[in-house]
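The values are calculated or read from the model by the stated rules, or taken from the named source; none is laboratory data. Here the structure is a predicted model, which is why all the values come from computation and not from measurement. Note that each Cβ is placed from the backbone with ideal geometry, even for glycine, and that neighbours are counted across all protein chains shown. We work out accessible area using only protein heavy atoms, side chains counted, and drop any ligands, DNA or RNA first. Shrake-Rupley method; radii C 1.70, N 1.55, O 1.52, S 1.80 Å.
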Amino acid sequence: MPADKLFSYDIVATDPATSARAGVFHTAHGDIETPIFMPVGTKATVKGILPSVVEGLGAQIVLANTYHLAMRPGAETLAELGGVHSFMNWHRPILTDSGGFQVFSHGDLVKLTDEGVAFRVDDYDGSHVFWTPERNMDIQQKIGADIVMQLDQCPGYPAERSFVERAVELSSMWADRCFAAHTRPDQALFGIVQGGMHLDLRLRSLRHLEECGDFPGYGIGGYSVGEDHETMFETLAPLASEHMPVHKPRYLMGVGNPTTLVRAVACGVDMFDCVLPTRTGRMGTAFSSTGRMNMRNAKYAHDAGPLDEACTCPVCTGGFTRAYIRHLVTQKEMLGGVLLSMHNIYFLLDLMRRARRAIIEGCYKAFVDDWMASAAAADY
RNA sequence: GGGAGUGUGCCCGAGUGGUUAAUGGGGACGGGCUGUAAACCCGUUGGCUAUGCCUACUAAGGUUCGAAUCCUUACGCUCCCA
């Protein structure tokens with residue numbers, strides 16, 4: 001790939017009636033076509049699914065997590081083994097989250113200062129770690145993903161405005177330091193917009209990132225942390241459709257609800273990741289064109305149909321019945337979680353593929369309307 | 001044939017005289033899961049004409065103010081001796 005193409009975001013089509021766009025983001029391990037859903041493989045594995053199968057489902061890029069990989073097997077080990085791609089035997093693009101979300105989800109175990117974040121690692125070995133933005137960049141560069149995220153603070157919801165404001169301040173400060181510390185040329189560093197449900201704080205956060213430097217893409221963090229969907233779109237819609245740089249990919253972090261994806265694409269969001277399809281799949285939930293299905297339910301015990309008649313995934317077209325999948329799930333057989341994870345990932349990948357096609361055809365508005373009128377929309 | 005032990009809700013199994021419709025598990029049924037502390041967590045699980053009532057700890061009888069708990073008999077199961 002020509003050097004000037006690396007990390008550029010080519011917009012292939014814009015929808016006339018919405019803010020949706022279809023594009024291509026160029027990375028050192030290949031292009032990714034947007035809008036896109038990215039399956040999550042926290043510990044360098046999409047739980048239960050072979051990389052070749054993940055690829056076969058249509059995944060173009062997967063996530064891994066800096067915090068978890070730094071704990072095990074460790075950044076130095078990964079560097080020694082040639083980086084995360086060869087380690088996990090996935091040779092397409094990879095994105096690592098910085099661990100900012102773990103700062104949020106570990107709550108009381110975490111102590112934040114201007115300088116960085118201190119963790120008590122009780123989920124691994126009880127040790128104490130201290131991360132500065134520089135240390136975090138060093139780790140992510142050793143892990144070697146194609147896209148890396150700045151260290152940030154993700155406030156929950158509800159939250160005092162002053163708390164969110166402080167999170168923006170800290171995240172901005174850390175963005176500067178991550179930007180300065182990041183040197184690996186084959187790796188794209190994304191800044192992250194915070195600001196909770198306050199548009200002015202979101203814009204302040206975004207403005208700071210734009211002034212900080214030329215980030216090749218922007219994460220939108222701090223959503224799906226407890227607020228309802230309408231509350232989220234009150235600020236997400238203007239942020240993404242009116243204020244974010246046009247020629248940079250916009251990545252809505254941690255969102256995997258199908259209806260939210262469809263609506264966010266209409267606002268101009270390009271990338272998503274979420275544990276929802278894999279976690280709920282392992283726990284027995286199937287996404288479908290008619291809504292969520294709890295495959296533990298007794299009503300599926302004698303159901304010889306596929307999970308979703310409308311689905312073309314390898315599970316639905318491969319002869320696996322609802323009755324069989326319910327059997328696997330209720331008996332806690334590992335194949336149940338594997339099949340449901342595959343199906344659910346495919347569901348979101350396919351949803352985004354169809355969205356992309358609609359955008360290119362200039363009819364994304366109708367796509368959204370159809371989705372919102374469908375049986376599934378109400379259930380997601 | 002003789003002796004010892006044991007019998008609790010769908011199953012296993014606590015409880016050996018008084019807040020016991022009865023601890024725990026499992027199963028069954030249902031719910032949740034959003035930059036993965038998650039192949040996990042939570043709830044329900046005798047019946048009803050339902051702020052109460054009825055039926056319940058193998059069965060029948062007894063002792064007691066009060067019994068799953070003590071006594072008698074029967075039945076089932078387990079082990080030991082013949």
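Which of the peptides A:257-264, A:349-356, A:119-126 is most tightly packed, and how do the rest follow, judged by the mean count of other Cβ atoms within 10 Å per residue?
Averaged packing, sorted descending, gives the order A:257-264, A:349-356, A:119-126.
From the P(r) of region A:251-314, can you give the percent of Cα pairs sitting at distances over 21 Å?
Value for region A:251-314 (Cα pairs over 21 Å): 34 percent.
Name the most mobile residue of A:218, A:67, A:157, meaning the one with the largest mean-square fluctuation, in a Gaussian network model of chain A with Cα contacts below 10 Å.
Judging by the Gaussian network model, the answer is A:157.
Which aspartates and glutamates does residue A:142 reach when only Cα atoms under 17 Å apart count, and residues fewer than 8 places away in its own chain are ignored?
Reachable aspartates and glutamates: A:76, A:80, A:97, A:134, A:186.
Provide the gained length on full extension for the span residue A:115 to residue A:180, in nm with one decimal, where the gain is 0.36 nm per separating residue minus the Cα-Cα distance.
Between residue A:115 and residue A:180, full extension yields 21.9 nm more.
Leaving out same-chain residues fewer than 8 places away, which lysines sit with a Cα under 26 Å from that of residue A:365?
Output for residue A:365: A:248.
Can you tell me the accessible area per residue over chain A, all protein chains present, probe 1.4 angstrom, in square angstrom?
39
In debye, nearest 20: dipole of region A:182-287 around its Cα centre with unit charges on the Cβ of K, R (+) and D, E (-)?
Computed about the Cα centre, the dipole is about 300 debye.
Hey, can you rank A:194-203, A:231-240, A:364-373 by average C-beta count inside 10 Å, highest first?
A:194-203, A:231-240, A:364-373
Take the Cα atoms of chain A, find their three principal axes, and give me the spread along each one in whole Å, biggest first.
So the three principal-axis extents are 59, 50, 47 Å.
Considering only protein heavy atoms and a 1.4 Å probe, what is the carbon-and-sulfur percentage of the accessible area of chain A?
Percent of accessible area from carbon and sulfur atoms in chain A: 52.
Across 5 Å bins from the origin, how do the percents of Cα pairs in region A:190-232 run, short distances first?
6, 24, 28, 21, 13, 6, 2
So how strong a dipole does chain A carry about its Cα centre when Lys and Arg Cβ are +1 and Asp and Glu Cβ are -1, to the nearest 20 debye?
980
Report the relative contact order of chain A, percent, no decimals, based on alpha-carbon pairs under 8 angstrom and at least 6 residues apart.
About 19 percent, as a whole number.
Arranged from highest to lowest average of other beta-carbon atoms within 10 Å per residue, in what order do the peptides A:94-105, A:9-20 appear?
My ranking of the peptides, most packed first, is A:94-105, A:9-20.
Subtract the Cα-Cα distance of residue A:86 and residue A:199 from 0.36 nm times their separation in residues, and report this length gain in nm to one decimal.
Answer, rounded to one decimal: 36.6 nm.
For region A:1-138, what is the Kirkwood hydrodynamic radius in Å, using each pair of distinct C-alpha atoms?
17.0
Under 16 Å from a point placed 7 Å out from the Cα of residue A:210 along the Cα-to-Cβ direction: which residues of region A:170-193 have their backbone N that close?
Answer for region A:170-193: A:191-193.
Determine the gain in length on full extension of the stretch residue A:134-residue A:246; use 0.36 nm per residue of separation and subtract their C-alpha separation, reporting nm with one decimal.
Length difference between fully extended and current span is 37.5 nm.
Enter the per residue convex hull volume of region A:127-181, computed from alpha-carbon coordinates, in Å³ rounded to the nearest integer.
105
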